[in-house]
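Take a look at the structure set out below.
The values are calculated or read from the model by the stated rules, or taken from the named source; none is laboratory data. Treat the numbers as computed from the prediction; the structure is a model and nothing was measured. Positions of Cβ are backbone-derived with ideal geometry, glycine not excepted, and every protein chain shown enters the neighbour counts. Note: areas computed on protein heavy atoms with side chains; ligands, DNA, RNA excluded. Shrake-Rupley method; radii C 1.70, N 1.55, O 1.52, S 1.80 Å.
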Amino acid sequence: MRMTNKIMRNNAAYNINQNKILQDKLTNQMTNQSKIVRPSDDPVVAIRALRLRSNVTAVTQYNEKNAKDADQWLALTADAMDTVDQVLTDLYKLATTAPDKYQTSDDLRIIMSEMKQLTAEFYSCANVDYAGRYVFSGYRTDLPVTFTEEDMKQMEEHPVSFNIDESFGFQDISRISYTDYTKVEDGLVPNPPSNKPAVPNDIDDVHSYEQAVQNTTLYRFRISYNNLDSLDKGGELNFTMPDGTKVTATAKDADGNIQLDGNNQPIVTVTAVDKDGNPVTGPAIQEFGDQEEAYKAIADGTFTGIAYIPISGELVFSEQFYNENFNEKAFEEGGAFHVNYDKSTWVNGDINPVHYFKCIETKNVAAPNEEPDWRRTAYNTQRDQGRDQDIYYDVGYNQQIQVNTRADEIFTHDVQRDMDDFEHYLSQLQAIETVEKNLKTKQAEFAEDSDEYKDIARRLEGVDKAYTYIRENIHTKFENQITKYQQYMDDSRVAMTDNATRRSRLDLIATRLTNQQATFKELQQDNEGIDITEVAVEMTSAELTYSAALMATGKIMQTNLMNYI
């Protein structure tokens, strides 16, 4: 085969161009610090690079974003629960030392003032938020656990009421003591103009004022809220007895209008059906506007059914009624006691029921001064209580960790309701002190040897007995409260432990993610990265080769066939 100059030029140009391509490739590698610029440069490296980059991106997301976000959420929750634990500890200490520190209602009021402040702080911890999300609110992170001042302002423009379902077990029945001392005041101020005490008919030498003072044990279900809607004003009370009997008490007719008697007073109707829907005779239900009135009616047997007290949120009954209807066996055979009630009066600090109960919200969404436009929204319809709203973060491949602690695990309604009980006991203590003061003032109006003076002296003996009963009731309340606060602390510390455990696990996961991130980046570098020294040597060699090729080609191209002829 004859090798012509053209062939030699073409071969030289091709080889020089290939050398130039190699130089360009090496230059790109040096510039990009990568073995390949396009997948076709090395398909195997390219495929491995895509996989490793995906791994690095995922691990970086888990480690630097998800895990850190979860840790911050858990840390904020831990701080809030530390405050809760300190508050409950202080309340526990007060309950332990309070009986020794108070002697009068003024002393008790001072102690209760401190307890109220601690209770308010307890519930304020429930509204802790992280980046605009309330950490204890489950899935509803846009809703605080308790109503705030802003909520109160909105409710003024758009009134809100709730129909709430609540369940009670046998252990939720509590005992309360009621001291009846009304006889010591009977006949103190008879009809004018006489101002002499009149001795009641049933008080004599055998039946004294002191004997008339009685301390009775009552039983109750304490609903989670006070200031419920009165039946007289359109509220409705429904409950299911342990045996399945469903009882409804309402003053509304089928059209929702209040039924009125001849004196224009609401008529409350009580109906009951058994578990099969057949009408039966259910327990008597009567609404009372005052705790003392209800307690007295149950204690003296004037009323023998269930006393509904909307203002205090209680269903009260006698020991006999308790033994007949609410013994432990009845609950074991029939289940819980279910109550359905209405509440439309709310104050700052009340717990929002949507986080705890199956309920229906009725809200007026119309603008002020317009016709009401009531909208109904049902919450927790698939469960009795909203306790399946755990929030999980993806913190690894097929790994999740719960970051939230639900409000119902810590912030029980009972802490505030216990304070309501203390308020009632304080009012009882103040009332008996007032009676004692008034009696002593009136006694001073009579001569010491007068019948009136002696009658008031006997009344004061009854007051002293009542005062002793009330003091003992308060003392018992504090003793029981010690156990309650201990239980609240135990529940809080269980939640704290769960949160701390999750955080410890997250630390282990974060450590592993950091190691994985470093490993994947190292593999990525090994796969895509270059050895700069090796590439630099290859580039220098290519440059020398390129220069030599140009020189050799130039000399060869200077000679042609005519030089040999």
Heavy-atom accessible area of HIS158, protein chains in place, probe 1.4 angstrom, given in Å² to nearest 10, is 50
What is the list of residues in the range 173-189 whose amide nitrogen lies under 18 Å from a point 7 angstrom out from the Cα of GLU328, following Cα to Cβ?
-> 173-175
Per residue value of the accessible surface for the range 389-476 (all protein chains in place, 1.4 Å probe), Å² | 44
Could you tell me what percent of the accessible area of the chain is made up of carbon and sulfur, with a 1.4 Å probe and every protein chain present?
-> 48
Phi to ³J(HN,Hα) by Karplus 6.51 cos²θ - 1.76 cosθ + 1.60 over the range 139-151, Hz, x for Gly, Pro | 5, 8, 5, 8, 10, x, 5, 10, 5, 10, 4, 5, 5
Spatially near lysine pairs across the range 176-335, Cα under 28 Å, sequence gap of 8 or more or different chains | 12
Where does the Debye-calculated log10 I(q)/I(0) of the range 345-406 sit at q = 0.12, 0.13, 0.19, 0.25 Å⁻¹, using only Cα point scatterers of equal weight, no solvent?
-> -0.52, -0.58, -0.87, -1.06
Net charge, ASN348 excluded, C-beta distance under 9 Å - Lys, Arg +1, Asp, Glu -1 | -3
From phi via Karplus (6.51, -1.76, 1.60), per-residue ³J(HN,Hα) for the range 57-73 in Hz, x at Gly/Pro = 4, 5, 5, 4, 4, 4, 7, 8, 10, 4, 5, 5, 5, 5, 5, 5, 4
Volume of the Cα convex hull of the range 104-177, divided per residue and given in Å³ | 195
With r defined as the distance between the Cβ atoms of GLU433 and THR511 and R0 fixed at 56 Å, what FRET efficiency is calculated, to the nearest 0.05?
-> 0.30
Using just the helices of the chain, give the 222 nm mean residue ellipticity in deg cm²/dmol: DSSP H runs with n ≥ 4 each add -39,500 (n - 2.57), and the total is spread over all residues, rounded to 500.
-> -17000 deg cm²/dmol
Viscosity 1.306 mPa s, temperature 10 °C: Stokes-Einstein D of the chain from its Kirkwood Cα radius, in µm² per second?
-> 51
Please report the base-10 log of the normalised intensity I(q)/I(0) for the range 416-551, using a Debye sum with one equal scatterer per alpha carbon and no solvent, at each q in 0.12, 0.13, 0.17 (1/Å).
-> -0.80, -0.85, -1.02
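Based only on the alpha carbon positions, what is the Kirkwood hydrodynamic radius of the range 213-298, in angstrom? If you can, show how the numbers build up before the last one.
Numbers: mean 1/r = 0.0675 Å⁻¹.
After inverting the mean inverse Cα-Cα distance, the result is 14.8 Å.
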Subtracting the Cα-Cα distance from 0.36 nm times the residue separation, let me have the gained length for ASP464 to SER504 in nm, one decimal.
-> 8.5 nm
Taking the Cβ of LEU237 as the center, what net charge do the other residues with Cβ under 11 Å away carry, scoring Lys and Arg +1 and Asp and Glu -1?
-> -4
Value of Rg/Rh across the range 125-165 [Cα atoms, Kirkwood radius] | 1.02
Report the calculated FRET efficiency for LEU550 and VAL44 (r = Cβ-Cβ distance, R0 = 30 Å), to the nearest 0.05.
-> 0.30
Ratio of the Cα radius of gyration of the range 211-261 to 2.2 N^0.38 Å, where N counts its residues = 1.62
In degrees, nearest ten, helix 451-528 long axis to first principal axis of the chain (Cα) | 10
With all protein chains present, calculate the accessible area of LYS437 using a 1.4 Å probe and round the result to the nearest 10 Å².
-> 140
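Sequence gap at least 6, Cα distance under 8 Å: using those rules, report the relative contact order of the chain to the nearest whole percent.
RCO, the chain: 24 percent.
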Express in % the proportion of alpha carbon pairs of the range 225-357 at distances exceeding 19 Å.
-> 56
Qualifying aspartates and glutamates (Cα of each under 20 Å from Cα of LYS442; at least 8 residues distant if same chain) | GLU185, ASP186, GLU210, GLU433, ASP451, GLU452, ASP455, GLU461, ASP464
³J(HN,Hα) computed for each position of the range 406-423 - Karplus, 6.51 cos²θ - 1.76 cosθ + 1.60, integer Hz, glycine/proline x | 6, 4, 5, 6, 10, 8, 6, 5, 5, 4, 6, 5, 5, 5, 4, 5, 4, 4
What is the sum of charges around ALA367, taking Lys and Arg as +1, Asp and Glu as -1, for the other residues whose C-beta is under 14 Å from the C-beta of ALA367?
-> -3
Full-extension gain in nm, VAL494 to ALA336, via 0.36 nm per residue minus C-alpha separation | 54.3 nm
Stretch MET152-ASN17 to full length: gain in nm at 0.36 nm per residue minus the Cα-Cα span?
-> 40.5 nm
In whole angstrom, how long is each semi-axis of the equivalent ellipsoid of the range 442-491, when you take the square root of 5 times every eigenvalue of its Cα gyration tensor and sort them from largest down?
-> 43, 7, 4
